[in-house]
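Everything below concerns the one structure shown next.
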Amino acid sequence: MFKPTRLWIPVLIAVCAAAAAAPLAAQDSPFLPGPMFRLLVDEVSGDRAFNVDRLLSPYHRIMGSQAFLDAAGFLAGLAEKSGLSNISVVKQKFEGGLSWNPRAAVLRLIEPEEEKLADFADVTVSLAVFSRSAHAAAELVDIGDRTSLAALKDLDVAGKIVLTTASPAAAVRYAVWEKGALGVVSCASVHADTRFDNPDQVAYIKVPAGVPSGKAAPWAFMISPRRYGHLQDVLKRARAAGKAVKVRADIEAEVRDTAEQGYLWAEIEGASIHDQDIVLTAHLDEESTSANDNGSGCASQLEVGRAINALIAAGKISRPKRDIVFWWPNEHASEYQYLREHPGAPRSWLASLNQDMVGARQSLGSRVQHLVLTPSAVPSYLNDVVESIVASLILGNTGFLAAEEAGTPQPFSKPVLAFLGSRERYDAMAVPHSGGSDHEVFCEGIVGVPAVGLINNPDAYIHSSDDDLWNIDRTQLKRNALVVAAATLFLADAGDGDVPLLVQEVYARGVARLGRDLATALAHLRAGVAADRARAYAEALNLLDQSAAREKGALHSIRVFAAPGGKNAALPAERMRAVDRVAAGLRQDLLAAYTALTGEAKPAAAAPTPIERAMAAKVPANIESLDEYFGKRGGGVDFPGLHPTMAKEVYAFVDGRRTYLDIFRAVQAEALTAGGFYYGRVEPEKVAALLDQAVTRGVLKLR
């Protein structure tokens with residue numbers, strides 16, 4: 001155990017004070033004061049949102065399909081009734097996508113007995129997405145999970161239809177395109193435990209969108225694990241009788257040569273500021289039903305707009321200063337295409353809030369509502385604003401024995417409940433940045449717009465026939481819509497007078513985060529000191545330095561609300577200097593811990609490795625054109641040996657000033673802060689290889 005240094009004591013007191021004060025403050029978030037809380041509780045309706053979700057569920061709104069545009073048109077009508085303005089359904093290019101419109105699909109067992117096995121009209125996900133038209137009757141052959149040429153070499157599948165537990169895409173590639181099978185019947189799942197926990201679940205899965213020259217048009221039917229077991233029994237009985245099992249597949253599907261996608265756009269016009277939009281997103285594309293992913297987000301977003309407009313119309317709130325944009329896109333793809341077509345758009349976007357899966361009945365599958373924060377490359381006040389509001393709802397909608405003994409109304413002290421919803425607690429938590437939905441597009445370093453996302457996890461029903469209305473809770477819809485409405489109204493109206501509050505909240509919460517990062521740095525030092533004490537200390541110190549930079553960046557972001565030259569304009573910089581003082585104390589704490597562990601007064605400098613020396617000599621910069629940047633790089637980033645979020649962060653830290661080594665150190669610290677279980681490890685060789693590849697592809701350039 002090490003002895004606290006002189007600087008350590010006040011830092012500890014500040015950290016503990018911030019941590020202790022947080023729960024008390026969270027009961028009444030300063031960003032959701034009592035009168036506004038009451039207005040929103042009375043107006044925001046989880047029951048209305050549920051009814052919109054119900055009406056949206058029948059649309060099989062696959063990206064690029066006519067049903068997507070039909071769903072967008074349906075929502076546009078509701079948006080108009082809700083008082084939103086500048087409503088438009090916009091078509092876009094869909095580069096790399098496919099405009100696919102299924103009409104009908106039936107799979108039947110025809111020998112040795114007759115039975116309907118799957119019907120698109122009954123369960124739309126029973127036809128794998130991008131399946132082409134087909135009319136075929138052939139023998140059914142069970143290939144199990146064999147989807148490699150080596151595994152299939154002894155099986156005769158030519159001219160037959162294969163039954164598999166594997167992905168239909170893999171079966172198409174090997175059994176159809178390489179071995180001559182006609183098509184696929186698959187019980188593959190997106191969940192490992194489906195066979196046991198949800199045996200009647202049918203997965204929403206795709207076959208390859210593109211068809212190599214000379215290869216057959218792909219198609220596949222999806223069935224449940226129980227139906228797969230039934231077909232195994234049929235095959236077993238047929239083999240015993242010396243008979244073949246035959247099925248017939250009939251599919252009608254249209255594929256358009258020119259791929260298009262679309263999005264729905266609407267607004268609430270601000271009273272005075274029209275170049276700092278608050279952008280709300282909820283992706284519209286998914287299979288029919290898809291009640292949680294993402295019918296819930298689409299319906300909740302509409303309810304946020306309706307509720308805000310209703311409060312304005314009733315004179316209960318003033319029209320916000322800033323424009324509020326409501327965007328229902330084709331997930332990821334719409335935003336990336338929009339940025340390529342409108343590269344200046346981010347300059348008029350202040351912040352974004354994304355809703356993707358916000359209606360889960362949490363008792364089904366132990367689902368937790370996650371508030372996904374911005375990444376370290378885009379530090380922002382936004383995290384603390386939304387986390388404060390979420391924390392107030394958590395504590396107000398969770399029961400506590402001590403609170404009951406204090407005379408506080410229980411089980412919930414500040415209940416947010418839908419009329420027909422559950423009385424379950426609000427199980428939510430803030431988590432480090434992750435991808436998987438539209439918020440990550442805004443958080444691209446080259447875009448630089450802070451965005452957070454509300455997404456539940458885990459989810460045993462996502463992307464399947466089970467993602468239906470029965471697992472949706474009106475109460476959770478109401479709570480999440482209230483969070484977004486409250487944050488949106490604060491941000492849309494925030495100004496110079498709110499700067500002191502923002503600075504206080506971001507600084508106090510930042511000090512608490514720095515305290516947690518000190519604990520992580522100390523743990524890293526203890527774990528690595530035996531193997532390479534100099535390296536372990538350097539990495540722990542880097543973690544503290546990067547954490548301080550993150551907190552200073554969040555404080556700096558508040559300046560957007562300050563009146564130039566006004567008395568509050570200097571407040572963020574003052575608190576940034578305070579962060580430097582706290583960070584200096586934390587560095588002293590780390591040194592004291594090193595001395596206690598090693599007996600050395602001062603660590604030796606870690607010798608740079610050859611790869612680190614090479615990385616220190618390279619400074620990457622972004623190319624100027626967003627169209628060219630995303631055209632060459634694409635939306636997703638998948639690089640071997642790097643977590644996909646960390647791979648995107650490598651790109652995000654590119655600013656024309658940081659070296660390869662600087663970028664590595666920033667991303668390594670971000671990964672250490674969250675923990676190896678969350679992001680894995682970040683190695684310098686992987687970061688250098690990714691950046692070199694980006695330079696070669698013309699996405700980045702060297703300065």
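The values are calculated or read from the model by the stated rules, or taken from the named source; none is laboratory data. Quick caveat: nothing in here was measured; it's all calculated off a predicted structure. Note: ideal-geometry Cβ built from the backbone for every residue, glycine included; neighbour counts use all protein chains shown.
Taken as a whole, the structure leaves VAL650 outside the set of residues that are of a type in the set (Val, Ile, Thr), part of a loop (DSSP other than H, G, I, E, B) and closer than 21 Å to GLU551 by Cα. Take PRO640 and decide whether it is crowded, with 16+ Cβ neighbours inside 10 Å, farther than 18 Å from HIS433 by Cβ and at pLDDT 95 or above. It is false that PRO640 is crowded, with 16+ Cβ neighbours inside 10 Å, farther than 18 Å from HIS433 by Cβ and at pLDDT 95 or above.
Every test in (1) part of a helix (DSSP H, G or I); (2) within 23 Å of the chain's Cα centre (by Cα) is passed by PHE664 save one, and that test is (2). In the set (1) over 19 Å from ARG474 (Cβ atoms); (2) touching a strand residue (DSSP E or B) at 6+ places or on another chain (Cβ under 6 Å); (3) of a type in the set (Gly, Ala, Ser), the condition left unmet by ALA428 is number (1). Among residues of segment 141-169 that are in the same structural domain as ARG108 (by TED's automatic domain parsing) and on the phi > 0 side of the Ramachandran plot, those with a Cβ under 8 angstrom from a residue that is of a type in the set (Ser, Thr, Tyr) and surrounded by 14 or more Cβ atoms within 10 Å (Cβ to Cβ), sequence gap 6+ or separate chain, pair up as GLY144/THR164; GLY144/THR165.
Conditions (1) among the hydroxyl-bearing types (Ser, Thr, Tyr); (2) under 17 Å from the mean Cα position of the chain (by Cα), marked per residue:
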position	(1), (2)
THR408	yes, no
LYS414	no, no
LEU417	no, no
LEU420	no, no
VAL431	no, yes
CYS443	no, yes
VAL449	no, yes
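With respect to ALA601, is the statement that it is aliphatic (A, V, I, L, M) and more than 27 Å from ALA530 (Cα to Cα) true? So ALA601 does not fit the description; no. Count of segment 70-96 residues, restricted to those that are surrounded by fewer than 18 Cβ atoms within 10 Å (Cβ to Cβ), among the small types (Gly, Ala, Ser) and part of a loop (DSSP other than H, G, I, E, B), is 2. Residues of segment 51-61 that are farther than 14 Å from SER334 by Cβ and not in a helix (DSSP H, G or I): SER57, PRO58, TYR59, HIS60.
For ARG132, the conditions (1) of a type in the set (Lys, Arg); (2) part of a loop (DSSP other than H, G, I, E, B); (3) in contact with a helix residue (DSSP H, G or I) (Cβ under 8 Å, 6 or more places away or on another chain) all hold with the exception of (3). Among the conditions (1) under 26 Å from LEU518 (Cα atoms); (2) small (Gly, Ala, Ser); (3) at pLDDT below 95, ALA593 misses just one, which is (3).
Among the residues examined, ALA689 does not qualify as in contact with a strand residue (DSSP E or B) (Cβ under 9 Å, 6 or more places away or on another chain), modelled with pLDDT of 95 or more and among the aliphatic types (A, V, I, L, M). In segment 398-416, the condition of being in contact with a Ser or Thr (Cβ under 6 Å, 6 or more places away or on another chain), in contact (Cβ under 8 Å) with a residue 60 or more places away in the chain and surrounded by 19 or more Cβ atoms within 10 Å (Cβ to Cβ) is met by no residue.
Residues checked against (1) crowded, with 16+ Cβ neighbours inside 10 Å; (2) modelled with pLDDT of 95 or more; (3) farther than 30 Å from ASP493 by Cα:
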{"residue": "ALA536", "(1), (2), (3)": "yes, yes, yes"}
{"residue": "ASN542", "(1), (2), (3)": "yes, yes, yes"}
{"residue": "GLU551", "(1), (2), (3)": "yes, yes, no"}
{"residue": "ILE558", "(1), (2), (3)": "yes, yes, no"}
{"residue": "GLY565", "(1), (2), (3)": "no, no, no"}
{"residue": "ALA583", "(1), (2), (3)": "yes, yes, yes"}
{"residue": "ALA606", "(1), (2), (3)": "yes, no, yes"}
{"residue": "THR609", "(1), (2), (3)": "no, yes, yes"}
{"residue": "SER625", "(1), (2), (3)": "no, yes, yes"}
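Quick one: is ALA253 crowded, with 19+ Cβ neighbours inside 10 Å and either within 20 Å of ASP468 (Cβ to Cβ) or charged (D, E, K, R) (or both)? Taking the combined requirement at face value, the residue does not satisfy it.
For segment 477-519, the set of residues classified as among the charged types (D, E, K, R) and more than 28 Å from SER45 (Cα to Cα) consists of ASP496, ASP498, GLU505, ARG509, ARG513, ARG516, ASP517, listed by residue number. Residue count for segment 51-94 satisfying the condition of being within 22 Å of the chain's Cα centre (by Cα) and more than 18 Å from HIS463 (Cα to Cα): 2.
Of all positions in segment 427-441, at least one carries a residue that is aliphatic (A, V, I, L, M), out of contact with any Cys (no Cβ under 7 Å at 6 or more places or on another chain) and assigned to a helix (DSSP H, G or I).
Taken over segment 663-677, the criterion of being over 18 Å from LEU518 (Cα atoms) and in contact (Cβ under 8 Å) with a residue 40 or more places away in the chain is satisfied by ILE663, PHE664. Here GLY631 passes the criteria (1) surrounded by 14 or more Cβ atoms within 10 Å (Cβ to Cβ); (2) in contact with a strand residue (DSSP E or B) (Cβ under 9 Å, 6 or more places away or on another chain) except the one numbered (2). Could you please let me know if ASP466 is at pLDDT 95 or above and in a loop (DSSP other than H, G, I, E, B)? For ASP466, the condition - at pLDDT 95 or above and in a loop (DSSP other than H, G, I, E, B) - is met. When ASN198 is tested against (1) surrounded by fewer than 19 Cβ atoms within 10 Å (Cβ to Cβ); (2) over 28 Å from HIS135 (Cα atoms); (3) in the same structural domain as GLU139 (by TED's automatic domain parsing), only condition (1) is not met. ASP200: of a type in the set (D, E, K, R), closer than 21 Å to ALA118 by Cα and part of a loop (DSSP other than H, G, I, E, B), yes or no? Yes; evaluated as a whole, the condition is true for this residue. In segment 379-393, the residues that are within 22 Å of LYS414 (Cβ to Cβ) reach residues that are modelled with pLDDT under 95 with C-beta atoms within less than 6 angstrom, at least six apart or across chains, in these pairs: ALA391/ALA26; SER392/ALA26. For segment 611-623, what are the residues that are surrounded by fewer than 22 Cβ atoms within 10 Å (Cβ to Cβ) and in contact (Cβ under 8 Å) with a residue 24 or more places away in the chain? ILE611, GLU612, ALA614, ALA616, ALA617, LYS618, VAL619, ALA621, ASN622, ILE623 - these are the residues of segment 611-623 that are surrounded by fewer than 22 Cβ atoms within 10 Å (Cβ to Cβ) and in contact (Cβ under 8 Å) with a residue 24 or more places away in the chain. Against the list (1) crowded, with 22+ Cβ neighbours inside 10 Å; (2) touching a helix residue (DSSP H, G or I) at 6+ places or on another chain (Cβ under 6 Å), the condition ILE317 fails is (1).
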